[in-house]
1. Testing the spin-label approximation: label points 7 Å from Cα along Cα→Cβ at A:D97 and A:E16. State their distance in nm.
2. Step through the residues of region A:167-174 one at a time and calculate ³J(HN,Hα) from phi using the Karplus curve (6.51 cos²θ - 1.76 cosθ + 1.60, θ = phi - 60°), rounding each to whole Hz and writing x for Gly and Pro.
3. Quickly rank A:63-75, A:152-164 as a protection proxy: mean count of other C-beta atoms within 10 Å, highest first.
4. Which whole-Hz ³J(HN,Hα) couplings does region B:27-44 yield from phi under the Karplus relation 6.51 cos²θ - 1.76 cosθ + 1.60, θ = phi - 60°, glycine and proline marked x?
5. Other chains near B:77-89: what is the mean number of their Cβ atoms within 10 Å of each residue's Cβ?
6. Specify the angular offset, from 0 to 90 degrees and rounded to the nearest 10, of the alpha carbon long axis of helix A:42-53 from the longest principal axis of the alpha carbons in chain A.
7. Based only on Cα atoms, what mean projected area does the convex hull of the protein assembly as shown have, in nm²?
8. Using alpha carbon centroids, what distance separates region B:17-51 and region A:50-80, in Å?
Amino acid sequence: MVNVPLHEFIGAHREELIARCTTELAKRAAPTTIAPRINHGVPFFLDQLIGELRGGAPKTEDVVKGARTHGRELLLQGFAIAEGVYEYGDLRRAVTDLAVETDTVIGAEDIRILNRSLDLAIAGAVTQHACGQAAARDGESHDLLILLDSATAAFEALRKGQVGVGGSTGAILHRSLASMHALLDRPKRIPA
Amino acid sequence: MPLFLTQVSETLRLETSETPFPTSAIGIAAAAHGKELVDGGYSVSQVVHDYGDVCQAITELALEQKAPINVKEFHTLNRCLDAAIAEAVTEHARVTSLRRG
């Protein structure tokens, strides 16, 4: 058994992991729908994850932004909200499967970061999917949902003690709450 | 969540038996939980984090108690979580949409 940092493992097997996710996706969706979606979902997520695992700053905001883009893509292509859950779940399974097949041991801290990042991505994707549906009905609700999701993602990272409240994640939370406040305080337009 | 843990436990116990625990049961309970979370004012992203916390708690407790989880069991746990989250967010979105009219 070889102990390998997760960022090296993902870097070495990036294409294989994407291919496995694509295969799982094909079992649920028509092949013609695969290409545009997979490019903005799993590959983008893997790149953000590698950046954080290499010792960079937490990629909370980038992971959520990428996942939101993917959630919007899923909605535009007519996929149900649950697809966002299954796609990122496929990636979790692909990583653990490949680790076993290659006799690789991945450290508990790396696994924790992987799981936390996947949760953020799933939450971002399903929120954007739900927001997209809300936007068709009510623009203000859509803006509030986006801001609420940003605040929730930042709070979750802070709550788990992964980052300090005085850093960029704390700033995201503060900014999101201030924007929600401003939005709710804005004078309502009176219909003519 | 207590019901979900019981269902995961039963799923793991019956995984190799002739009468495996039905995934649909997890979905039904998770959908009800999704509606509860709407009623409690929780956002759809909090539904995901709610189940994510369960996964983290299980893996951390296993580590603390030196009770290794093998890959097959980890897959089963994650399959249950994916099914539960998918149904919970679907119901959350459905109920939210209905209430907004």
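Quick note: the coordinates plus some simple rules give every number you see, no bench work behind them. A quick note: this is a predicted structure, and the numbers were derived from the prediction, not measured. Backbone-built Cβ (ideal geometry, glycine too); neighbour counts: all protein chains shown.
1. 1.2
2. x, 5, 5, x, 5, 4, 4, 4
3. A:63-75, A:152-164
4. Computed from phi, the couplings for region B:27-44 are x, 5, 5, 5, 4, 4, 5, x, 5, 4, 5, 4, 4, x, x, 7, 7, 5 Hz.
5. Counting other chains' Cβ atoms within 10 Å and averaging over B:77-89 gives 5.
6. Once rounded, one gets 80 degrees.
7. Numbers: hull surface 67.8 nm².
If I average the Cα hull's projected area over directions, I get 17.0 nm².
8. A separation of 23 Å, based on Cα centres.
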